[in-house]
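Working notes, structure below.
The values are calculated or read from the model by the stated rules, or taken from the named source; none is laboratory data. Computed from a prediction, not measured in an experiment: that's the story for all the values here. So basically every Cβ, Gly included, is an ideal-geometry build from the backbone, and we count neighbours across all protein chains shown. Surface areas here come from the heavy atoms of the whole protein model, side chains and all, with no ligands, DNA or RNA. Shrake-Rupley method; radii C 1.70, N 1.55, O 1.52, S 1.80 Å.
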Amino acid sequence: MIEIETRKYGLLRIKQIWYAQTPRDVTGCDIVMYHYPENEPTEKGSFLEQRSKIQCLDLTKPIERIYQEFDRNTQKEIRRARKEAFRVSVNEDYAEFLTLLNKFIGAKKLNVPKIAFDDIKHQTHLLVNIFKADQLLASDFAGLQGSSIFLLWICNSKPLGENKKLVSMASRLAHFEAMKWGKENGYKEFSVGALTSNLSPNKQFKKGFGGYEKEIKTYIKIYNPILKLLNMALKIL
């Protein structure tokens, strides 16, 4: 389980929890959000349900078939990546990953606090890093749950000024190497992440790996009494 606290509008304390076994009440926050829980809440009626979609791939298919279902650009980038002197590391180089992730968060101005090793070490996970020489170009961090792999953090060195073409190849290769690892280790489903409702480059990147859309539920509980009343009146969440 990974738990991170963020603040919205400088006031609201939001706890975001990934990969919990069962959503439960927590203390010390205005809102709690459970992403990818293994089970539904015990007291389901006390939680709100927020539905969204993720892009998934079926890892029970042969890896060659999975690759064939990528779009042409994704296939081309992976072919090119294989010709580069990239180094792939799996579940290693955590310091380099966390440095890149935190720089990526800062460069993209994401509302996420600095991530430390203590935040991730207890979660069963998959970490794939792609290096060019000693330069880390792209990383995938995923939670492992049952027979599924859910990507949580995808970061790269593009916002830091690294060569865009190299980063593009490295990012797609990281996903493909993560899929291969999942298949080799008996996982059945791989999620490349959440889908937005528009045709953003990020959505196009994820859809380029083929697969299918899957609806998931995020469970939310509001503790702040004022926010609770506002939500009842305006349906904020």
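Which pairs in the list K8/K206; K183/K221; K165/K217; K165/K207; K158/K207 are over 30 Å apart, alpha-carbon to alpha-carbon?
Over 30 Å Cα-Cα: K183/K221; K165/K217.
Expressed as a whole number of Å, what is the distance separating the alpha-carbon centroids of the stretch 64-134 and the stretch 140-170?
Between the Cα centres of the stretch 140-170 and the stretch 64-134 lies a distance of 4 Å.
Among L229, N163, G10, pick out the residue whose Cα is farthest towards the positive end of the charge dipole of the chain, where Lys and Arg carry +1 and Asp and Glu carry -1 on C-beta, about the Cα centre.
N163
Nearest 10 degrees is fine. How inclined is helix 225-234 to the longest principal axis of the chain, computing both from alpha carbons?
On a 0 to 90 degree scale, this one is about 80.
Explain nothing, just the number: dipole magnitude of the stretch 1-131 about its Cα centre with +1 on each Lys and Arg Cβ and -1 on each Asp and Glu Cβ, in debye rounded to the nearest 20.
700
Would you compute the Debye intensity of the stretch 96-233 from its alpha-carbon atoms alone, equal scatterers and no solvent, and pass along log10 I(q)/I(0) at q = 0.16 Å⁻¹ to two decimals?
-0.96
Helix 72-83 versus the longest principal axis of the chain: what is the Cα-based angle in degrees, 0 to 90, to the nearest 10?
The angle comes out near 60 degrees.
Once you order the gyration tensor axes a ≥ b ≥ c over the Cα atoms, which shape class does the chain get: rounded for a/c under 1.5, otherwise prolate or oblate by comparing a/b with b/c?
Judged from the Cα gyration tensor, the chain comes out prolate (a/c at least 1.5, a/b above b/c).
Work out the length of the dipole vector of the chain about its Cα centre, built from +1 on the beta-carbon of each Lys and Arg and -1 on the beta-carbon of each Asp and Glu, and round it to the nearest 20 debye.
Value, rounded to 20: 920 debye.
Quick one: angle between helix 164-184 and the longest Cα principal axis of the chain, in degrees between 0 and 90, rounded to 10, please.
80
How much area per residue is accessible in the stretch 184-223 when the probe is 1.4 Å and only protein heavy atoms are counted (Å²)?
Details: 2080 Å² over 40 residues.
Ligands and nucleic acids excluded, the result is 52 Å² per residue.
Under 1.5 on a/c is rounded, so check that first for the stretch 102-175, then, if it is not, pick prolate when a/b is larger than b/c and oblate when it is not; a ≥ b ≥ c are the square roots of the alpha carbon gyration tensor eigenvalues.
oblate
Let me have the relative contact order for the chain, percent, based on Cα pairs under 8 Å that are six or more residues apart. Mind showing how you got there, number by number?
Details: 435 pairs, mean separation 68.9, N = 237.
Normalised by residue count, the contact order of the chain is 29 percent.
Per residue and in Å³, how big is the convex hull formed by the alpha-carbon atoms of the stretch 154-223?
Dividing the Cα hull volume of the stretch 154-223 by its residues yields 158 Å³.
Report the label-to-label distance for K109 and Y212 in nanometres (one decimal), using points 7 Å from each Cα along the Cα→Cβ vector.
Between K109 and Y212, the label points sit 4.0 nm apart.
Rounded to two decimals, what ratio of Rg to Rh does the stretch 1-136 give with C-alpha atoms and a Kirkwood Rh?
That ratio equals 1.02.
How many lysine pairs are close in the stretch 49-139, with Cα atoms under 20 Å apart and the two 8 or more places apart or on different chains?
Within the stretch 49-139, the lysine pair count is 5.
Go through 167-180, 123-136 and give me the packing order, highest mean Cβ count within 10 Å leading.
Per-residue mean Cβ counts within 10 Å order the peptides as 167-180, 123-136.
Percent relative contact order of the stretch 124-237, based on C-alpha pairs within less than 8 angstrom and at least six residues apart?
In percent, rounded to a whole number, it is 19.
So if I place +1 on the C-beta of Lys and Arg and -1 on the C-beta of Asp and Glu, and nothing else carries charge, what would the dipole magnitude of the stretch 139-183 be about its Cα centre? I want it in debye, nearest 20.
Dipole magnitude for the stretch 139-183 comes out near 180 debye.
When the helix-only estimate is applied to the chain (DSSP H runs of n ≥ 4, each -39,500 (n - 2.57), divided by the residue count), what is the mean residue ellipticity at 222 nm, nearest 500 deg cm²/dmol?
-9500 deg cm²/dmol
Quick one: with all protein chains in place, what share of the accessible area of the chain is carbon or sulfur, to the nearest percent (1.4 Å probe)?
The nonpolar share, carbon plus sulfur, comes to 50 percent.
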